[in-house]
Amino acid sequence: MAADPDSPERGRCPICRRASDARYRPFCSRRCADVDLSRWLRGSYAIPADGEDEVLGADLDPDEPPPHA
């Protein structure tokens with residue numbers, strides 16, 4: 001049986017941990033949704049790289065001109 005969308009078991013806001021609101025799901029309010037959006041725009045949510053070799057251009061010598069295509 002599906003859970004009632006107004007029940008407290010439906011989920012928690014990932015920002016403040018209050019019960020989520022169906023209008024702003026998965027958040028509890030517009031404020032928490034805006035906080036999350038701000039974190040995305042600032043780049044706070046990122047997958048860390050395992051090493052420098054995964055960084056674009058890490059193998060290039062800064063004193064050498066870029067290769068021609």
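The values are calculated or read from the model by the stated rules, or taken from the named source; none is laboratory data. This structure is a prediction, so every number in the text was calculated from the model and none was measured.
Which one of these is modelled with pLDDT under 95 and part of a helix (DSSP H, G or I): 36, 53, 61?
Step by step, each of 36, 53, 61 is checked, and only 53 is modelled with pLDDT under 95 and part of a helix (DSSP H, G or I).
So which residues in the stretch 11-28 are in a strand (DSSP E or B) and under 18 Å from the mean Cα position of the chain (by Cα)?
Within the stretch 11-28, 12 is the sole residue that qualifies.
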